[in-house]
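Novice: There's a structure below that I have some questions on.
Rule-based calculations on the coordinates, nothing more; no lab input. On a predicted model such as this, the values are computed, not experimentally measured, just so you know. Please note: Cβ atoms are built from the backbone with ideal geometry, for glycine as well, and neighbour counts cover all protein chains shown.
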Ligand SMILES: C[S@@+](CC[C@H](N)C(=O)[O-])C[C@H]1O[C@@H](n2cnc3c(N)ncnc32)[C@H](O)[C@@H]1O
């Protein structure tokens, strides 16, 4: 029973040639909040194996720029720039600005820590990754840009929300239908970056 939904998106991803079932989470968030657009410059932090990148490229189209960064190597994807780097490393900001040829419209993060099984510890590590992504976002986003990041729910959620909300017009939390029910993940969707 509990594997039914996972199997549904897992099989759908296989059938539709997406590299991960996570692709449907991003597509669902996009359908609801509409933060990506044709021609956008977009950076995806924690992008391996690349399901999100495929969705981003479909939306950005040939005139857009899509950049994916991960600790792991991302297997080549046509029309997408990929880099192997640690997002917590301060040099990532320059790397993104160089690769994009300036500021970008959208920063996305699906980064997740290695799961320890300790709920509080995993939450704190996830919150630290959201803040690392946010620190990149606030340096590379153009005015009115958007930031979307995965967060494991827990006690620092409010703090993360307040930090992000300090520089965006609108911030929401949302869990896409494709997220497994038993998962504690949620997504921060921030739009209207104030430079
Ligand atoms: C859930 S996966 C991303 C899946 C991806 N959105 C997709 O659709 O294929 C999370 C990724 O975050 C990456 N990650 C975790 N910490 C990171 C860090 N500090 N810097 C870069 N990538 C990181 C992991 O290597 C992993 O590939």
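Novice: Averaging sequence separations of C-alpha pairs under 8 Å and six or more residues apart, then dividing by the length of region 4-193, give the relative contact order as a whole percent.
Specialist: Across region 4-193, relative contact order equals 19 percent.
Novice: Under 16 Å from the 7 Å Cα→Cβ point of residue 169, by amide nitrogen: which residues of region 36-50?
Specialist: 36-37
Novice: Sticking with this structure for a sec: Which value in deg cm²/dmol, rounded to the nearest 500, describes the helix-derived mean residue ellipticity at 222 nm for the chain, given -39,500 (n - 2.57) per DSSP H run of n ≥ 4 and division by the residue count?
Specialist: After summing the helix terms and dividing by residue count, I get -12000 deg cm²/dmol.
Novice: Taking 7 Å along the Cα-to-C-beta vector as the label spot, tell me the residue 180-residue 112 distance in nanometres, rounded to one decimal.
Specialist: 0.7
Novice: Rounded, prolate or oblate for the chain? Axes are the square roots of the Cα gyration tensor eigenvalues, ordered a ≥ b ≥ c, and the cut-off for rounded is a/c under 1.5.
Specialist: Rounded shape, in that the Cα axes give a/c under 1.5.
Novice: Please rank 43, 160, fewest neighbouring Cβ atoms within 10 Å first, as an exposure proxy.
Specialist: So the ranking, lowest neighbour count to highest, is 160, 43.
Novice: Give the percent of DSSP beta bridges with both residues in the chain that are antiparallel, rounded to the nearest 5.
Specialist: Just about 40 percent of them are antiparallel.
Novice: So for region 79-195, Kirkwood radius off the Cα pairs, Stokes-Einstein at 25 °C and 0.890 mPa s: how many µm² s⁻¹?
Specialist: Translational D for this selection: 166 µm²/s.
Novice: Looking only at 13, 23, 48, which one moves most when the chain is put into a Gaussian network model with springs between Cα atoms under 10 Å?
Specialist: 13
Novice: Answer rounded, prolate or oblate for region 38-99, using the Cα gyration tensor with square roots of eigenvalues a ≥ b ≥ c: rounded when a/c is under 1.5, else prolate when a/b is larger than b/c, else oblate.
Specialist: Here region 38-99 falls in the oblate category.
Novice: Quick check on packing: order 115-125, 49-59, 100-110, 175-185 by the mean number of other C-beta atoms within 10 Å, highest mean leading.
Specialist: Packing order, densest peptide first, comes out as 49-59, 100-110, 175-185, 115-125.
Novice: How far apart, in nm, are the 7 Å Cα→Cβ label points at residue 135 and residue 78?
Specialist: In this crude spin-label approximation the distance works out to 3.8 nm.
Novice: Among 126, 146, 91, which one shows the highest mean-square fluctuation when the chain is modelled as a Gaussian network with alpha-carbon springs under 10 Å?
Specialist: Result for the chain, Cα springs under 10 Å: 91 fluctuates most.
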